[in-house]
Each structure stands twice: as structure tokens, then as C-alpha cells.
1. How high is the relative contact order of the chain, in percent, counting Cα pairs under 8 Å that sit 6 or more residues apart?
2. How do Trp149, Trp45 rank by accessible surface area computed with a 1.4 Å probe, from largest to smallest?
3. Answer rounded, prolate or oblate for the stretch 59-109, using the Cα gyration tensor with square roots of eigenvalues a ≥ b ≥ c: rounded when a/c is under 1.5, else prolate when a/b is larger than b/c, else oblate.
4. Provide the packing ranking of 150-157, 35-42, 131-138, i.e. peptides ordered by the mean count of other C-beta atoms within 10 Å per residue, highest first.
5. Leaving out ligands, DNA and RNA but keeping every protein chain, what accessible area does Leu24 have, in Å² rounded to the nearest 10, with a 1.4 Å probe?
6. ³J(HN,Hα) across the stretch 65-73 via Karplus (A = 6.51, B = -1.76, C = 1.60, θ = phi - 60°), whole Hz, x for Gly/Pro?
7. Counting each pair of different Cα atoms once, what's the Kirkwood radius of the stretch 137-184 in Å, rounded to one decimal?
8. If packing is taken as the average count of other Cβ atoms within 10 Å, what order do 15-23, 55-63, 112-120 fall into, highest mean first?
Amino acid sequence: MKQQSELRNLVMTIIGVLVVLIGLTWANHFYAARNPGGNDFLVHWMGTRSLIVDGISPYSDEVAGRIQTMVYGRLAQGGEHQLRVAYPLYSIVLFFPFALFPDFNLARALWMTVSEIGLLGLAIFSIRLADWRPKFGMLSAFILFSMLWYHGLRPLINGNAVILVAFAAVAGLTAIRSKAEELA
């Protein structure tokens, strides 16, 4: 009987989390479709997509032209950002799942959802790493601040990978502190 109750609770928790993630992704898609941007993500999404779908180097002039045309409606002119892939080739591992989606707005919405989870995880792991035990009100305020301050919101809107990189760094440090070096 106890196992059934635990299993039911687990299933309900999983369903609840999935509903929240689907709702968050829907809201992000709604935002992405109405607010152009996400150029930091666009560059690497298009570069990764060009490599895996068309077999074209993400560093090529052709891919840069595709990105520039998508952003400016034409090739970049002198003085404008050239919007070229600058990350090392192995960064494709990070962008690969999103490059499987041909619709940029959907890919951007999914990226934003993952980044929002990363911001939440970054806040939680930072608290654990600092061995801070705030009361519920302070914890709520800290997490809300972490999600909405400039350095969290700006990379989220631009689609910058810094959120996931920071999350990975702090999660790794937390694992080391917990004597889980293999996990780190």
C-alpha cells in the first residue's frame, strides 16, 4: 500500500513538472514569436543546423550570410555585427538538440526554457555552495531576484549560453564540495 502511494506521488510529481515545463515553453514561444531577438542563440542554432542538416561548416561565409539575412533581411554592412559563429566546434554538443527543430521560434522557446531551468539551478546550487540556509521568504526573494535581475534576464532574452556554462561551473563546484569528484 505504501509503495502504491509513493508511486502515485512520483507519477503525479512527474506529470506536474511536465505540465509546468510545457506551459513555460508555450509562454516562451508566445514571447519569442512576438519579440525578435535571441541573436546569440540564433548564430549557434543556425551554425549547428547548417552543419548537421546541410553539411556546411558553421564558420563559412555562406552560414554567416544565412544568419545575417535572417537578422537584417540582407547581408551585414560595414559597422554592423557580422553575426558569425565564434564558439569552438565542440560547442555543437550544446546546441545540437535545438538544431533538430527547423522552426527558430520553437527552438528559441525550448532554449529559453532550458536556460530558465539553468537560472533556477544556478541559484539553488549557489546557495548550497555557500552553505547558506535562508528562511523561506529570503529564499523566495533570492530566487526571484536571480531570475529577474539584469544579468539573468539579458542572457535569457539574447539566448546566450553563459547561463548554462555558469550553471555547469557552479554545479561542478558543488559536486566537488560534496566529495563527488566523478560527477563533477
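The values are calculated or read from the model by the stated rules, or taken from the named source; none is laboratory data. Predicted model only: the values in this text are computed from it and were never measured. Please note: Cβ atoms are built from the backbone with ideal geometry, for glycine as well, and neighbour counts cover all protein chains shown. These accessible areas exclude ligands, DNA and RNA; they are computed on the full protein's heavy atoms, side chains included. Shrake-Rupley method; radii C 1.70, N 1.55, O 1.52, S 1.80 Å.
1. 24
2. On the way: Trp149 105, Trp45 10 Å².
So the residues, ranked largest to smallest area, are Trp149, Trp45.
3. Working: a/c = 2.52, a/b = 1.44, b/c = 1.76.
Here the stretch 59-109 falls in the oblate category.
4. Details: 150-157: 15.5, 35-42: 17.4, 131-138: 9.1.
Order by mean packing, descending: 35-42, 150-157, 131-138.
5. 60
6. In residue order, the calculated couplings are x, 4, 5, 4, 5, 5, 7, 9, x Hz.
7. Details: mean 1/r = 0.0825 Å⁻¹.
Final number for the Kirkwood radius of the stretch 137-184 is 12.1 Å.
8. On the way: 15-23: 10.9, 55-63: 14.9, 112-120: 20.2.
So the peptides 15-23, 55-63, 112-120, ranked by packing, come out 112-120, 55-63, 15-23.
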